[in-house]
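The values are calculated or read from the model by the stated rules, or taken from the named source; none is laboratory data. In this text, all values refer to a predicted model and were calculated from it rather than measured experimentally. Because the Cβ atoms are built from the backbone with ideal geometry, glycine has one as well, and the counts that use them run over all protein chains shown.
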Amino acid sequence: MSEAVLPRLTVIGTGYLGATHAVCMASLGYDVLGLDVDANKIKKLQSGEVPFFEPGLPELLAKTMESGRLRFTTSFEEAAAHGDVHFVCVGTPQQPGSDACDLSYVDAAIRGLAPYLTRRSLVVGKSTVPVGTAERLTGMLRELAPAGDEVELAWNPEFLREGFAVDDTLRPDRLVFGVASDWARDQLTASFQPILDLGTPIVVTDLATAELVKVAANSFLATKISYINAMAEVCEATGADVRDLAKALAYDDRIGGRFLQPGLGFGGGCLPKDIRAFAHRAEEIGVGQAVSFLREVDAINRRRRSRTIDLVRELLGGQLDGKRVACLGAAFKPNSDDIRDAPALDVARTMHGLGANVRVYDPAALDNARRAYPELRYGTSALDVAQDADVVVLLTEWAEFREVQPSALAAVVKHRRIVDGRHALDAEVWRAAGWEYRALGSP
């Protein structure tokens, strides 16, 4: 497809999803305008600064800005004039005091854009929303847009993994197009042509199914993670070893070994709030029993945090108060600075509340952690926070923590005790080096 017929794209919302999508689509040759109502965020992006940690994205932002194919604005009027296809990439957090999804940002994006849509165009939702949202937004668009029925809505869920977002955008394992017309399908096809040319599988479906795909995928993933952690609870009660159990299960190709990793459990801005919102929405539409297991998936995940603290307390002879605890990790996963619902910080904060002298280090998430939890103390490296520690707790499986030498840590700690909250270390190596080693689900 020649560049002359590529549709012009806008990306509404320049947070993690939106900024990544805008930069990557511009890198493929599209003329992209990114929009956000946060002027400070736009100012940072215009100056070439990515306001979050994502490997490879800063370099790609600089390249696409220099090419002239990527610009940013705070004007809905400018975005409407520019775009043939408008991607809505705003956040859908959990409502305060409820499991329900907060759709206020999605609604605000549609209400901001629609009054300026004066010609035929396609609005594409990428945000994770409860099923039925697209149908409601279609009515809102056609009511508010001067072009009326000439404006269509489609849904194209995202499947980004933090730390791998650039690759997941440019080389996704599948594309899902939820559309209500052949024209909408053709517009989406044109908007992803270079990716489709790579042979990327595509599922063309209706709006409701496209909305369900993301929450169904996240629910399945969360269930798999919580399943092996439930088995860890059984192993702890029986003296069995969950690592060997997981290894044996992984050889069954019906099950597979991916995400069958026992440990502290999942966090972040997607899985926890998505499974809660899915269960809430299912109850609203009368099929709550069908996904009631997700409540237990969530409960298993939460229990891993308190059980990790139990392990720390056991290693310390039953007493946390006054003990020096070195926490390795703050982000909810490695290669990210995202601390939303981060198990690592939840554990650190709880131990602090129980009287422990907690110090935290993370390679990328310290600034975010300091802003969210100023009551905690932070350090400049793993060895720094481990100085004179009574126990070391590995909470995020960064490569630099996996690779730390037992002898290096032993030289600075007060006692050689370590709780491996992520099953990231070789237990035999650490025990051979004189460390008391504990991990969830292991003898």
TODO: Give the range 389-439 a look and list any residue that's of a type in the set (G, A, S) and closer than 19 Å to D362 by Cα, or say none.
DONE: A389, A399, A408, G421, A424
TODO: Scan the range 32-57 residue by residue and report those that are out of contact with any Asp or Glu (no Cβ under 9 Å at 6 or more places or on another chain) and either surrounded by 18 or more Cβ atoms within 10 Å (Cβ to Cβ) or within 21 Å of A365 (Cβ to Cβ) (or both).
DONE: V32, G34, D36, D38, N40, K41, K44, E49, V50, P51, P55, L57
- [ ] Using the structure shown, decide if A232 is aliphatic (A, V, I, L, M), touching a residue at least 12 places away in the same chain (Cβ under 8 Å) and crowded, with 16+ Cβ neighbours inside 10 Å.
- [x] yes
- [ ] Kindly check whether there is at least one residue in the range 280-287 that is more than 24 Å from the chain's Cα centre (by Cα), of a type in the set (A, V, I, L, M) and closer than 25 Å to G355 by Cβ.
- [x] no
TODO: Give the residues of the range 98-141 that are within 17 Å of R281 (Cα to Cα) and either in a loop (DSSP other than H, G, I, E, B) or not assigned by TED's automatic domain parsing to the domain that holds D84 (or both), sorted by residue number.
DONE: S98, D99, A100, D102, L103, S127, T128, V129, P130, V131, G132
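Among the residues of the range 383-391, are any assigned by TED's automatic domain parsing to the domain that holds F266, within 26 Å of C235 (Cβ to Cβ) and either modelled with pLDDT of 95 or more or in a helix (DSSP H, G or I) (or both)?
Filtering the range 383-391 for residues assigned by TED's automatic domain parsing to the domain that holds F266 gives 383-391.
Cutting the leftovers down to within 26 Å of C235 (Cβ to Cβ) gives us 391.
Checking the rest, the ones that are also either modelled with pLDDT of 95 or more or in a helix (DSSP H, G or I) (or both) come to 391.
Yes: one or more hits.
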Open item on the list: Just to verify a result, which residue in the range 1-44, among those that are closer than 19 Å to L117 by Cβ and of a type in the set (D, E), is farthest from the chain's Cα centre (by Cα)?
Closed with: D31
Task: Enumeration of residues in the range 332-355 that are touching a residue at least 40 places away in the same chain (Cβ under 8 Å) and more than 21 Å from the chain's Cα centre (by Cα) - done: T350, M351, L354
TODO: Output the residues belonging to the range 399-432 that are in a loop (DSSP other than H, G, I, E, B), small (G, A, S) and surrounded by fewer than 16 Cβ atoms within 10 Å (Cβ to Cβ).
DONE: A411
Task: Residue among A184, A190 that alone is part of a helix (DSSP H, G or I), in contact with an Asp or Glu (Cβ under 7 Å, 6 or more places away or on another chain) and either surrounded by 19 or more Cβ atoms within 10 Å (Cβ to Cβ) or in contact (Cβ under 8 Å) with a residue 12 or more places away in the chain (or both) - done: A184
Task: Restricting the range 155-181 to residues that are in a loop (DSSP other than H, G, I, E, B) and touching a Phe, Trp or Tyr at 6+ places or on another chain (Cβ under 9 Å), the residue that is surrounded by the fewest Cβ atoms within 10 Å (Cβ to Cβ) - done: D173
Open item on the list: So, in the range 100-121, exactly how many residues are buried (at least 22 other Cβ atoms within 10 Å of the Cβ), within 10 Å of V88 (Cβ to Cβ) and either among the hydroxyl-bearing types (S, T, Y) or touching a Pro at 6+ places or on another chain (Cβ under 8 Å) (or both)?
Closed with: 0
